[in-house]
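The values are calculated or read from the model by the stated rules, or taken from the named source; none is laboratory data. It should be emphasised that the depicted structure is a prediction, and the values quoted were computed from it without experimental measurement. A quick note on method: Cβ atoms are made from the backbone with ideal geometry, for glycine too, and the neighbour counts reach across all protein chains shown.
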Amino acid sequence: MSKHETFYDVIRQRGVSRREFLGFCAVTATTLGLGPAGAMTVAHAMETKPRIPVLWLHGLECTCCSESFLRSGHPQASEIITSMISLDYDDVIMAAAGDQAEEIVHDIIRDYRGEYILAIEGNIPLANDGMCCIVGGRPFRQQFDEAAKHAKAIIAWGTCASSGCVQAARPNPTKATPVHKLVSHVPVINVPGCPPIAEVMTGVLSYILTYDRLPELDNQLRPKMFYSQRVHDKCYRRAHFDAGQFVEKWDDDGARQGWCLYKMGCRGPTTYNACASMGWNEGTSFPIKSGHGCIGCSEEGYFDRGPFYERLPDMQQWGVESNADKIAVAGAAVLGSAIAIQTGATLVKRILTGKSLKDTPIEDAPETPGNQK
């Protein structure tokens, strides 16, 4: 990889026109929510900044993150891999194998020290000296430590790398450990999900290339641009939740009418992810839209929070234990209390000033449904 080769250099060599390039930048900026000027910001970065060398390593995992990444529509994974970044090592999709493949890791660490991005899919097992996961004839822990030591930043793809996932579920016999617990000197960004949404993965890489920094993270090291809201907050069934309309059993009338799946175990109210706003398969659908509750796969310890089809305990919000009529009664009671307090305050004021309540002009009287101005 040439140190000075940019994304724009690469696509020009492949015959991509300027118009097509700017169209790509516009789509990328829209995905990242960068606003009207975002397209030119992305274009400037693609034209001036060198491609980022990336090492993509695999620990204990099922490769679902790679499967998701390869299905990204905006931008396409092929554009990310072949043009925006220099994916120099990924043992799942690379042609090289054996010693030749492992030599690439050593070369990148040596030649691009402090400049490469380390992408980790899966977690790191520590039991039995790491012998539960062997890569290149040695424990994955050794490969991970060597690559992490000199990385510019580390991206932990998926819940396996972010918090452990099923491998770290009780009793965790392999001592599967998430990435951030083994790193202290290099910034880590967690991109959880089992797997993460494809456009979230490509969006994170696009942001890093555009701004040469990590996006703003929450207290769990997740990018706020994708994980700042609950699935519940943007769910199209939210109105049924607030009205107390719930599916009680699979295939009942509520299920047919698209009512809320909370009582069927939906974890949407406690899960932070972009599923409801971005969707999957280029925005086609997401689990709740397909009739299945959210299982909370982007949250830490979600495999230990089951069973998946039992409602969340102690979830006290509008509508959970009530129906629309009860909510209306509660609202009327609140309004009545407010009127009583206002009337009482006015009476005290009149007593202190020596006036009676009947002397109160209508414009100063407490506002009620009967005398609203």
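Points worth noting:
- Qualifying helices (runs of 4 or more DSSP H) (wholly inside the range 1-51; at least 3 residues being closer than 24 Å to Cys275 by Cα and touching a Leu at 6+ places or on another chain (Cβ under 8 Å)): none
- Just one of (1) of a type outside the set (Lys, Arg); (2) in a helix (DSSP H, G or I); (3) more than 14 Å from the chain's Cα centre (by Cα) fails for Asp233. It is (3).
- Condition met for Gly98 (assigned by TED's automatic domain parsing to the domain that holds Val204, more than 24 Å from Val10 (Cβ to Cβ), touching a helix residue (DSSP H, G or I) at 6+ places or on another chain (Cβ under 8 Å) and at pLDDT below 95): no
- For the range 89-137, the candidate set comprises residues that are of a type in the set (Gly, Ala, Ser), over 29 Å from the mean Cα position of the chain (by Cα) and in a loop (DSSP other than H, G, I, E, B); within that set, the residue that is surrounded by the most Cβ atoms within 10 Å (Cβ to Cβ) is Gly136.
- Checklist (1) polar (S, T, N, Q); (2) within 30 Å of Ala151 (Cβ to Cβ); (3) surrounded by fewer than 16 Cβ atoms within 10 Å (Cβ to Cβ) applied to Ser277, failing item: (2)
- In the range 236-268, of all residues being in a helix (DSSP H, G or I) and in contact with an Asp or Glu (Cβ under 9 Å, 6 or more places away or on another chain), the one that is farthest from Glu300 (Cα to Cα) corresponds to Gly254.
- If you check Asp111, Asp90 for being touching a helix residue (DSSP H, G or I) at 6+ places or on another chain (Cβ under 8 Å) and in the same structural domain as Pro195 (by TED's automatic domain parsing), only one passes: Asp90.
- Index of the failed condition, Gly283 passing every other in (1) part of a loop (DSSP other than H, G, I, E, B); (2) at negative phi: (2)
- If only residues of the range 181-200 that are over 8 Å from the mean Cα position of the chain (by Cα) and among the small types (Gly, Ala, Ser) are counted, the one that is surrounded by the fewest Cβ atoms within 10 Å (Cβ to Cβ) is Ser184.
- Listed by first and then second residue, the pairs linking a residue in the range 285-312 that is within 12 Å of Cys194 (Cα to Cα) to a residue that is in a loop (DSSP other than H, G, I, E, B) and charged (D, E, K, R), with Cβ atoms under 7 Å apart and 6 or more places separating them unless they lie on different chains, are Cys294/Arg267; Ile295/Arg267; Gly296/Arg267; Gly296/Arg305.
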